[in-house]
Amino acid sequence: MKLILSDRPLNVKIKSDAIPCVDLSSLKIANCMGCFGCWVKTPGKCVIRDDAVKIYPLIAKSDAVLYVSRIRYGGYDTPMKTMLERAIPVQQAFIRLFHGETHHIQRAVTPKKATILVYNQVSDEEKEVFQSLVARNAHNMCFASYRVVFTTEAQLENVVANEVKKWEAS
């Protein structure tokens, strides 16, 4: 399964119904409370009952994900960051050693090819900070591989359309 997660509406034609495009800005997703209920009270399920509970299972079972987010201060903008934090139920509370580092054990998460498409006018320093953030998160987000693509807001939908065409051709 392939998935597009966007922090804004996208006007992109997708030929396949098998590629859901989720506009996070149109959903009600509360901030993670850090209660760890998804690890101890209701393992694998967030205790907050909002739209996030429909999204993180899609992330878990997707083998390819296109993340579309404005970049702010070297990180994901609020809608994407909030969703990624709320996706913690796809991980277990248990820790493993992976490449000499500690990382959470995943709950039946499909390794994925991730494309992180970020837009906004940003400095080279912000780009470096963001690339470092993605590299550090890649193991916990179960990325088998990933690419970070920087673009402008004006070019965003063209770049998304090109990424989708690559998926549809494969």
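The values are calculated or read from the model by the stated rules, or taken from the named source; none is laboratory data. Note that the structure is predicted; figures quoted are calculated from it, not measured. Neighbour counts run over all protein chains shown; Cβ positions are idealised from the backbone, glycine included.
Assorted remarks:
- Conditions (1) over 20 Å from Ala108 (Cβ atoms); (2) under 16 Å from the mean Cα position of the chain (by Cα); (3) not hydroxyl-bearing (Ser, Thr, Tyr): number failed by Lys13: (2)
- Residue list for the stretch 96-121, restricted to those being modelled with pLDDT under 90 and surrounded by 12 or more Cβ atoms within 10 Å (Cβ to Cβ): Arg96, Phe98, His103, His104, Ile105, Gln106, Arg107, Val109
- Those residues of the stretch 22-53 which are outside any loop (DSSP other than H, G, I, E, B) and either in contact (Cβ under 8 Å) with a residue 12 or more places away in the chain or within 14 Å of Thr82 (Cα to Cα) (or both), in sequence order: Val22, Asp23, Leu24, Ser25, Ser26, Cys38, Trp39, Val40, Ala52, Val53
- Scanning the stretch 148-165 for residues that are surrounded by 12 or more Cβ atoms within 10 Å (Cβ to Cβ) and among the charged types (D, E, K, R), we see that the one that is nearest to Ala18 (Cα to Cα) is Lys165.
- Within the stretch 138-147, restricting attention to residues that are modelled with pLDDT under 95 and surrounded by 16 or more Cβ atoms within 10 Å (Cβ to Cβ), the residue that is nearest to the chain's Cα centre (by Cα) is Met141.
- Of the residues examined, Asp23 is not one that is modelled with pLDDT under 90 and of a type outside the set (A, V, I, L, M, F, W, C).
- At least 1 residues being without any contact (Cβ under 8 Å) to a residue 60 or more places away in the chain and closer than 23 Å to Ile48 by Cβ is the threshold, and among the strands (runs of 3 or more DSSP E) wholly inside the stretch 58-170 those reaching it are 91-98, 101-106.
- Some residue of the stretch 54-72 being buried (at least 21 other Cβ atoms within 10 Å of the Cβ), within 28 Å of Glu125 (Cα to Cα) and among the basic types (Lys, Arg): no
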